[in-house]
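> Sharing a structure below in structure tokens format, with a few things to ask.
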Amino acid sequence: MIPRHLSARLASLLGQFPAVALLGPRQVGKTTLARRLMPDSEMHYLDLENPQDLAKLADAPAYLASIQGKLVVIDEIQRAPGLFQVLRGLIDERALRGAGVGQFLLLGSASIDLLRQSSESLAGRIAYCELTPFHALEIGAPDCDRLWLRGGFPRSFLASDEAVSNEWRAQFIATYLERDIPQLGPRIPATTLRRFWTMLAHAQGGLSNLSQLAGSLGIDGKTAATYLDLMEDLLLVRRLMPYHVNIGKRLVKSPKLYVRDSGLVHSLLRIVDLEDLLAHPVAGMSWEGCVIETILAATPAHTQAFFYRTAAGAEIDLLLELPGQHRWAIEIKRSSAPKVTRGFRQAIEDVAAEQAFVVYPGSESYPLGNGLQAVNARDLAMRLTG
């Protein structure tokens, strides 16, 4: 279930830049996607978690210079941040000889070091592409509840039953806490970071309150901010920023926080099946986060995403500013018979949105009056990709 549109985008970027970084959390399918781009005979694959491959790069300039005429795929690039300087030299040297695009494909878990090193060393020579977990546009409509419950990580979503899916997610969380994050540099106790992650799941879709989080963990606000930055940089948490417009109203200025994969939300909160989920207080916000990830995965390049809320109650769950400054206002409802609130209508006027939608879990799209439309997440994502 590799998304075709992303394969095409990745191939397009490799046709424009010497290096492309494919970023995404662990186990999301980066390696599978990379290896399906072209025949093995046309690429040279290095996995930096393999000691033999890592040893080949003891003299990285000489080894990489010896590989000619193939796309070099370097997996887990964050394990060797010093390679970025080497790649810059090779790219510039090859450019002088007329070699141009499609030389290196770098796969990484979007660590802080990865982004900083690549942006400093390869500025103007590298493009970025993000691979997300599965979203609603990539699956059949009947599987949307399964996607919501299990999340979009391939092994979780495709598991043979709920017990297998739950076990995979539990092990995924433990591996991140106990191995992956320490390998990326920060020395954070696994129990503390698990509690922080779980607190974010409990507060899914709520306004950021770092002082409250810090107080609950017995740490200071600066440390809590560091934890949040780390989770965001690893593409595990989304910070949705508020939309600011000078309309003479008092606006909410704190960002909203979402654990990006709904399946991880449910594992952190020990929700094991759909019956448990529907009865849990987090259900509405978990659904909202799942819909937001689907919509954002479908937006065209250079789209900006916000939420909008005033102190008086006008609110937009997701505000998209599409290329050309076209604004789409989106309200997300779990109800099968959604009603448009007065606050949403007012917010549409405040931001001068050109189109407005209410996303709900039904299968049909229909008008709600005054230009508003009820749609499901898959249909709206299709409109955005079209």
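> Looking only at VAL164, VAL237, VAL359, which one moves most when the chain is put into a Gaussian network model with springs between Cα atoms under 10 Å?
Largest GNM mean-square fluctuation: VAL164.
> Compute the length gained on full extension between ALA99 and ALA225: take 0.36 nm times their separation in residues and subtract their Cα-Cα distance, giving the result in nm to one decimal. Write out the running numbers ahead of the final one.
Working: separation 126, 0.36 × 126 = 45.36 nm, distance 4.33 nm.
The ALA99-ALA225 span can extend by a further 41.0 nm.
> Roughly how many whole Å is it from the C-alpha centroid of region 301-373 to that of region 279-299?
One Cα centre to the other: 15 Å.
> Starting from the Kirkwood Rh over alpha-carbon pairs, what translational D in µm² s⁻¹ does region 201-326 have by Stokes-Einstein at 4 °C and 1.567 mPa s?
Numbers: Rh = 15.9 Å.
After rounding, the answer is 81 µm²/s.
> For a quick check: sort SER165, SER363, SER41 by the number of other beta carbons within 10 angstrom, fewest at the front.
Neighbour counts put them in this order, fewest first: SER41, SER363, SER165.
> Using the alpha-carbon atoms, what tilt in degrees (0 to 90, nearest 10) does helix 283-298 show relative to the longest principal axis of the chain?
50
> Follow-up question, since we're still on this one. With equal scatterers on the alpha carbons only and no solvent term, can you work out the Debye log10 of I(q)/I(0) for region 256-384 at 0.12, 0.17, 0.21, 0.22 1/Å?
Summing over Cα pairs of region 256-384 leads to -0.46, -0.92, -1.32, -1.40.
> Okay, moving on. Springs between alpha-carbon pairs under 10 angstrom, Gaussian network model over the chain: which of ALA58, ALA127, ALA34 fluctuates most?
Per the Cα network of the chain with a 10 Å cutoff, ALA58 tops the list.
> Ordered by packing density, taken as the mean number of other Cβ atoms within 10 Å over each peptide's residues, highest first, how do 132-138, 366-372 rank?
On the way: 132-138: 23.4, 366-372: 11.1.
Packing order, densest peptide first, comes out as 132-138, 366-372.
> With the chain treated as a Gaussian network of Cα nodes joined by springs under 10 Å, which of SER262, SER156, SER254 yields the largest mean-square fluctuation?
So, out of SER262, SER156, SER254, the one fluctuating most is SER254.
> To the nearest 10 degrees, how steeply does helix 162-175 sit against the main Cα axis of the chain, on a 0 to 90 scale?
With both axes taken from Cα atoms, the answer is about 60 degrees.
> Out of all DSSP beta bridges in region 317-359, what portion is antiparallel? Express it as a percent rounded to 5.
Values: 5 of 10 bridges.
DSSP beta bridges in region 317-359 are roughly 50 percent antiparallel.
> How far apart, in nm, are two points set 7 Å out from the Cα along the Cα-to-Cβ line at MET43 and at GLU120?
Distance between the two pseudo-spin positions: 2.9 nm.
> If you take every DSSP beta bridge fully contained in region 265-386, what fraction is antiparallel? Give it as a percent rounded to 5. Don't jump to the answer; show the numbers that get you there.
Details: 13 of 22 bridges.
In region 265-386, approximately 60 percent of DSSP beta bridges are antiparallel ones.
> Same structure, new question: About its Cα centre, what dipole magnitude does region 136-385 give when the only charges are +1 on Lys and Arg Cβ and -1 on Asp and Glu Cβ, stated in debye to the nearest 20? Kindly include the intermediate steps, with their values, before the conclusion.
Working: 26 positive and 27 negative charges, 145 e Å.
That gives a dipole near 700 debye.
> Additional query: Suppose only helical runs count, i.e. DSSP H with n ≥ 4. What mean residue ellipticity at 222 nm does that imply for the chain under -39500 (n - 2.57) per run, divided by all residues and rounded to the nearest 500 deg cm²/dmol?
Details: 17 runs with 160 residues, N = 386.
It comes out at -12000 deg cm²/dmol, rounded to the nearest 500.
> Follow-up. Does region 136-385 come out rounded, prolate or oblate by the C-alpha gyration tensor, with a ≥ b ≥ c the root eigenvalues, rounded set by a/c under 1.5 and, if not, prolate when a/b is larger than b/c and oblate if not? Don't jump to the answer; show the numbers that get you there.
Working: a/c = 1.95, a/b = 1.29, b/c = 1.51.
Oblate, since a/c reaches 1.5 and b/c is not below a/b.
> So, one more: Just name one of ILE139, CYS290, THR310: the one whose Cα is farthest towards the positive end of the charge dipole of the chain (beta-carbon charges, Lys/Arg +1, Asp/Glu -1).
THR310
> Among the DSSP beta bridges whose two residues both lie in the chain, what percent are antiparallel, rounded to the nearest 5?
Numbers: 19 of 48 bridges.
Close to 40 percent.
> Sticking with this structure for a sec: Dividing the Cα convex hull volume of region 4-130 by residue count, how many Å³ per residue is that? Display every interim value, and only then the final one.
Values: hull volume 12.5 nm³, N = 127.
Expressed per residue, the convex hull around the Cα atoms of region 4-130 is 99 Å³.
> Follow-up. If contacts are Cα pairs under 8 angstrom and at least 6 residues apart, what is the relative contact order of the chain in percent?
Relative contact order, the chain: 13 percent.
> Starting with the fewest neighbours, write out VAL86, VAL28, VAL20, VAL245 ranked by other beta-carbon atoms found within 10 Å of each beta-carbon.
Going from least to most buried by this count: VAL245, VAL86, VAL28, VAL20.
> Ok, one more. Angle between the Cα long axis of helix 112-121 and the longest principal axis of the chain, 0 to 90 degrees, nearest 10?
Rounded to the nearest ten degrees, it is 60.
> Assuming 0.36 nm per residue, please report the length gained on full extension of the stretch LEU207 to ALA279 beyond their Cα-Cα distance.
Values: separation 72, 0.36 × 72 = 25.92 nm, distance 2.28 nm.
Result for the pair: 23.6 nm of gain on full extension.
> Here's another thing I want to ask about it. Arrange the peptides 217-226, 98-107, 305-314 so that the one whose residues have, on average, the most other Cβ atoms within 10 Å appears first.
Working: 217-226: 14.3, 98-107: 19.0, 305-314: 17.1.
Listed from highest to lowest mean packing, they are 98-107, 305-314, 217-226.
> Checking the cross-link filter: which aspartates and glutamates have an alpha carbon closer than 17 Å to that of LYS256, excluding same-chain neighbours under 8 positions apart?
ASP229, GLU232, ASP233, GLU288, GLU293, GLU315, ASP317, GLU331
FYI, it's all coordinate maths here, none of it is from the lab. Just so we're clear, the structure is a prediction, and the values are computed from it rather than from any experiment. Reconstructed Cβ throughout: ideal geometry from the backbone, glycine too, with neighbour counts over all protein chains shown.
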